[in-house]
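These notes concern the structure reproduced below.
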Amino acid sequence: MTQERQKLFDMFPPITPEEWRAKAEVDLKGADFDKKMVWRTNEGFNVQPLYRRVDIENMASTRSLPGQFPFMRGNSDTTNEWLVRQDITVDDVVAANAKALEALNKGVTSLGFLIKHGEEPDLKALLKDIYLPAVELNFVCCPRTALGIARRLVDIIAEAKAEETFNGSINFDPFKRPIKHGIAFPGDIAELASELLKVVAPVKHLRVLSVDSVLLANAGAYIYQELGYALAWGNEWLALLTDAGFTADEVAHRIKFNMGVSTVYFMEIAKFRAARYLWAAIVKQYKPECDCACKMIVNAETTRFNMTLFDSYVNLLRTQTEAMSAALAGVHSIVVTPFDAPYKASDDFGERIARNQQILLQEESHLDKVVDPAGGSYYIEMLTSSLAGQAWKLFLDIEEKGGFKALADSGEVTTAVNATAAARMDKVAKRREQLLGTNQFPNFTETAADKADAAPQCACACHHEQGGVELNRERLASQFETIRLAVEHAAHKPKAFMLTIGNLAMRLARAQFACNFFACAGYELIDNNGFKTVAEGVAAAMDKKADIVVLCSSDDEYAELIPQLVTELAGRAELVLAGPETDEFKAMGVNDFINVRSNVLATLKAFNDKLLK
């Protein structure tokens, strides 16, 4: 039997972008298309509601292949495999070795050893029974000890005859010090780096020049900022060491990028694709002998900046989407930060979950099987191009001002990132950026118990010294958590009473809004089905010993209800109106209002100052 094949939707005529927009504007009924439908990103460019083939047909990325220069579509043309990395703090060499062996038996393929400042541990004992060719080894240490660790590691690798098969890195990064603490590195960076390159020369795949832009991501930098600074950071290494007499190939093959990844899902995919493309373009300008020198090796680490102490299991959702972004973007390795990192040192449970989050993506979702799965997506290709443009502008600006080192030493990098963090925290305070469980939909009954902020410590001793501007260490949730912890530890926990009256739909909606509002501070909430009179509601509030009475009704009814409530309440509790702040209502005696325009953080701070005992 002959079967006729028919193209899907061939009965529909093609629609041009102009026709689609015209129809959308009709459906908007006079509303401004650009205001309603176009998203202005934090990265400085607009995102349209719809993209089509015509938008990407002239892009170079659509004509490139995975594994080929400029590597936007990945460093490999056959696989999307990445390494599952777990970081281990080296307090005791024997214990760290045992933990590393256990992690390797549970699916880890890359290890990071976090070495305390000034220490050069016994590497033979640390690496005992670890088969060097089978696992990537990374050492995060103080720049002052990097050279000594490199010498010992190279000797161990030579003894194992693994010079060609070993893979790993040593985190030599003197640029972190001025960025974090405003203190310039005291040594000659070019001289130390040159000696380091000579020491590791026999080991082909040992990268020792670090670009740690994850530092900026954890401090709150925008995505384009992290990318622009990372490129300038890497270029600083290239310029510094090619001037010292090394070839572009010798330097580029020793650089490793450690980058953060946030929950802006598609934007993060685009970031890593744009990063490879731009880095390849930068390295190419140094005229390497092989295009392989233009490959960007990236270890992606899920950010701490948006993690929370309260409702901490939501951190699992955040880190899972972040890990997915990095995996789909084709990074070299991934570190998933344990969900409980904001309030405790990692333990077996948190580390196990973090490992399994990646293993699930590989073994269950098979994200490691498809090369560049995002390639060809109109949306992601446009994000990649737009983000690359913004990051490139920042990169050029840095170079015009003297390069990354000059800006890091002067504090300009730190100041810019701190300004971004402050802007983002202001958005969180006003709920323009939502943080689930913190400024929106908090768990009403949760308590922190013995939880306390556990800010990560610096790997070197420079934080004890006095310097210039320090890099932000607060998370987005930190200020809300400070308020909530103060309430939890206070002798008296404030009670917020919902006086619901009048219009059923409005009173329910506003009571729900007010409960969410005050739950962000951990107040005890007393909701109600509704009262027939104001006097009945006030009597119930006083019976419950309420500290705050929130009037929840409709705007039309407030003019009649407010005078009654002010009289009945007689200053025995704080009066709050759930609704618009107007001169009319203020004149009636209302001083406090909560609505969608409120600064939630500032309002809760003010109530804490009044009510906490």
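How big is the convex hull of the Cα atoms of the stretch 246-398, per residue, in Å³?
On the way: hull volume 22.1 nm³, N = 153.
Hull volume over Cα atoms, normalised by residue count, gives 144 Å³.
May I ask for the angle, rounded to the nearest 10°, between helix 223-243 and the longest principal axis of the chain, with both axes built from Cα atoms and the value confined to 0 to 90°?
In the chain, helix 223-243 runs at an angle near 20 degrees to the longest axis.
Mind listing P(r) for the stretch 286-360? All alpha-carbon pairs, 10 Å bins, whole percents.
Final binned percentages: 19, 44, 21, 11, 6, 0.
Carbon and sulfur together cover what percent of the accessible area of the stretch 1-140 at a 1.4 Å probe radius? Don't skip to the answer; put the middle values down first.
Values: 4710 of 9160 Å².
With neighbouring chains kept in place, the figure for the stretch 1-140 is 51 percent.
How many Å² of accessible area per residue for the chain, probe 1.4 Å?
Values: 27970 Å² over 613 residues.
The answer is 46 Å² per residue.
For the chain, report the translational diffusion coefficient in µm²/s to the nearest whole number, using Stokes-Einstein at 20 °C, 1.002 mPa s, and a Kirkwood Rh over Cα pairs.
Values: Rh = 27.2 Å.
Translational D for this selection: 79 µm²/s.
Would you mind working out the magnitude of the charge dipole of the stretch 476-562 relative to its Cα centre, with +1 at each Lys and Arg C-beta and -1 at each Asp and Glu C-beta, to the nearest 20 Debye?
On the way: 8 positive and 11 negative charges, 47 e Å.
Using Cβ point charges on Lys, Arg, Asp and Glu, the stretch 476-562 gives about 220 debye.
Helix-derived [θ] at 222 nm for the chain: sum -39500 (n - 2.57) over DSSP H runs of at least 4, divide by residue count, nearest 500?
Numbers: 23 runs with 270 residues, N = 613.
Value at 222 nm, helices only, nearest 500: -13500 deg cm²/dmol.
To the nearest 10 degrees, how steeply does helix 412-429 sit against the main Cα axis of the chain, on a 0 to 90 scale?
It works out to around 30 degrees.
Round to the nearest 0.05 the FRET efficiency obtained for I130 and A449 when R0 = 45 Å and r is the Cβ-Cβ distance. Intermediate values should be presented prior to the final figure.
Working: r = 38 Å, r/R0 = 0.84.
Result of the calculation: an efficiency of 0.75.
Excluding same-chain pairs closer than 8 in sequence, count the lysine pairs in the stretch 82-190 whose Cα atoms lie under 16 Å apart. Present the calculation step by step, with values, prior to reporting the outcome.
On the way: K99/K124; K99/K128; K116/K176; K124/K161; K128/K161.
Going through the stretch 82-190 pair by pair, I get 5.
Could you state the angle between the C-alpha long axis of helix 534-543 and the longest principal axis of the C-alpha atoms of the chain, as a value from 0 to 90 degrees rounded to the nearest 10?
The angle comes out at about 60 degrees.
Can you pull the percent of the stretch 202-353's accessible area that's carbon plus sulfur, 1.4 Å probe, other chains left in place? Mind dumping the intermediate values first?
Details: 2360 of 4260 Å².
Solvent-exposed carbon and sulfur of the stretch 202-353 make up 55 percent of the total.
From the Cα trace of the stretch 457-595, what convex hull volume per residue do you get, rounded to a whole Å³?
On the way: hull volume 21.9 nm³, N = 139.
Taking only Cα atoms, the stretch 457-595 has a hull volume of 157 Å³ per residue.
What does the highest-first list of 229-236, 317-324, 148-155 look like by mean Cβ count within 10 Å? If you can, show how the numbers build up before the last one.
On the way: 229-236: 26.4, 317-324: 21.0, 148-155: 18.0.
Taking the mean over residues of other Cβ atoms within 10 Å, the ranking is 229-236, 317-324, 148-155.
For the stretch 343-496, what Kirkwood radius comes out of the mean inverse Cα-Cα distance, in Å? Don't skip to the answer; put the middle values down first.
Details: mean 1/r = 0.0488 Å⁻¹.
Kirkwood radius, the stretch 343-496: 20.5 Å.
Based on the alpha-carbon gyration tensor of the stretch 159-233 and its eigenvalue square roots a ≥ b ≥ c, which shape applies: rounded if a/c is under 1.5, prolate if not and a/b is larger than b/c, or oblate? Mind dumping the intermediate values first?
Working: a/c = 2.98, a/b = 1.67, b/c = 1.79.
Verdict is oblate for the stretch 159-233.
The values are calculated or read from the model by the stated rules, or taken from the named source; none is laboratory data. Not measured: the values here are computed from a predicted model. A quick note on method: Cβ atoms are made from the backbone with ideal geometry, for glycine too, and the neighbour counts reach across all protein chains shown. Remember, those area values only see protein heavy atoms, side chains included, never the ligands or the DNA or RNA. Shrake-Rupley method; radii C 1.70, N 1.55, O 1.52, S 1.80 Å.
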